[in-house]
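Colleague: Mind looking over this structure? Questions follow.
Rule-based calculations on the coordinates, nothing more; no lab input. Source: prediction; values computed, not measured. Virtual Cβ from ideal backbone geometry, glycine too; neighbours counted across all protein chains shown.
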Amino acid sequence: MRSQRLAFYLARDGELDPASLVAIAATAGKTPLLPVLHPLNHRQLYFLPFQSGQPLVRNRFGIPEPDLKGARPVSPLTIDVIFLPLVAFDSFGNRLGMGGGFYDRTLAGLPRQRRHPLLIGVAHSFQLVDSLPREPWDIPLHGIATEQGMVWPTGTSA
């Protein structure tokens, strides 16, 4: 409830759609943000404010995103909650994305023990797997929101 800046994503390829959360956040006076591909570092993200009905442009992957022209990116350090899409997750908070590493690279500079921003994966419950391999650069999630409720990590995997 105290969170003000909330980063979402636009669903595609069967991802659980957070559009209703975006609408709720905007109605509650929060600042919804969307990821945008960094124009120079093609493996990182910017986060830009988003309003329903705002015109979007397609990035190099065909994903709609806010236009960077004239926009001021928001630092991940100042975002309260980031909702991340995923392909699979485990009970340790490990996340398998689409393979580009965009979120991991973008969040790599954040202190590991911080709980800010809060990183919440968004997934269908059937995307839970027993375990996922974890690389040193992988950023674990603080929790995962599914249609059946929240999944809170049970510890760290080896």
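Colleague: Highest GNM mean-square fluctuation, the chain, Cα pairs closer than 10 Å: which of 12, 134, 95?
Modeller: Its mean-square fluctuation being the largest, the pick is 12.
Colleague: Right, here's the next one. Tabulate in residue order the Karplus-calculated ³J(HN,Hα) for the stretch 87-101, using 6.51 cos²θ - 1.76 cosθ + 1.60 with θ = phi - 60°, rounded to whole Hz; enter x for Gly and Pro.
Modeller: These are the phi-based 3J(HN,Hα) values: 9, 8, 8, 10, 6, 8, x, 6, 10, 10, x, 7, x, x, x Hz.
Colleague: Convex hull volume of the Cα atoms in the stretch 1-79, per residue, in Å³?
Modeller: About 108 Å³ per residue, rounded to a whole number.
Colleague: Another question about this same structure. Starting with the highest mean, order 78-86, 51-59 by the number of other Cβ atoms within 10 Å, averaged over the residues of each peptide.
Modeller: 78-86, 51-59
Colleague: Using 0.36 nm times the number of residues separating residue 116 and residue 12, minus their current alpha carbon distance, what extension gain do you get? Write out the running numbers ahead of the final one.
Modeller: Values: separation 104, 0.36 × 104 = 37.44 nm, distance 2.63 nm.
Computed gain between residue 116 and residue 12 is 34.8 nm.
Colleague: Just name one of 118, 85, 141: the one whose Cα is farthest towards the positive end of the charge dipole of the stretch 80-148 (beta-carbon charges, Lys/Arg +1, Asp/Glu -1).
Modeller: Going by the charge dipole, the pick is 118.
Colleague: Oh, and also: Just from its helices, what would the mean residue ellipticity at 222 nm be for the chain, if runs of 4 or more DSSP H residues each count -39500 (n - 2.57) and the sum is divided by every residue, rounded to the nearest 500 deg cm²/dmol? Don't skip to the end; give the middle numbers.
Modeller: Values: 2 runs with 15 residues, N = 158.
-2500 deg cm²/dmol, from helical runs alone.
Colleague: Any idea how far apart residue 3 and residue 54 come out in nm if each label point goes 7 Å out from Cα toward Cβ?
Modeller: 1.7
Colleague: When the Kirkwood hydrodynamic radius is evaluated over all pairs of different C-alpha atoms of the chain, what value in angstrom, to one decimal, is obtained?
Modeller: 16.0 Å is the Kirkwood radius here.
Colleague: If you don't mind, there's one more thing I want to ask. Given that compact globular proteins tend to follow 2.2 N^0.38 Å, what is the ratio of the alpha-carbon Rg of the stretch 15-56 to that value?
Modeller: 1.31
Colleague: Find how many whole Å separate the alpha carbon centroid of the stretch 123-153 from the alpha carbon centroid of the stretch 78-106.
Modeller: After rounding, the separation between the Cα centres reads 8 Å.
Colleague: Output ³J(HN,Hα) for the stretch 32-45: one whole-Hz value per residue in order, computed from phi by the Karplus curve 6.51 cos²θ - 1.76 cosθ + 1.60 with θ = phi - 60°, and x for Gly and Pro.
Modeller: So the Karplus estimates, Gly and Pro as x, are x, 10, 10, x, 9, 4, 4, x, 10, 9, 6, 10, 10, 10 Hz.
Colleague: Might you report the magnitude of the Cβ-based charge dipole of the stretch 5-151 about its Cα centre, with Lys and Arg at +1 and Asp and Glu at -1, to the nearest 20 debye?
Modeller: 580
Colleague: Another question about this same structure. Most fluctuating residue of 129, 74, 87 in a GNM of the chain with Cα springs under 10 Å: which is it?
Modeller: 129
Colleague: Follow-up. Can you check what the net charge comes to around residue 48, using other residues whose Cβ is under 14 Å from the Cβ of residue 48 (Lys, Arg +1; Asp, Glu -1)?
Modeller: With Lys, Arg at +1 and Asp, Glu at -1, the net is +1.
Colleague: Taking N as the number of residues in the stretch 49-122, what is its alpha-carbon radius of gyration divided by 2.2 N^0.38 Å?
Modeller: That works out to 1.24 for the stretch 49-122.
Colleague: So what is the relative contact order of the chain, in percent, for Cα pairs below 8 Å that sit 6 or more residues apart? Before the final figure, lay out each step's value.
Modeller: Values: 304 pairs, mean separation 34.0, N = 158.
22 percent.
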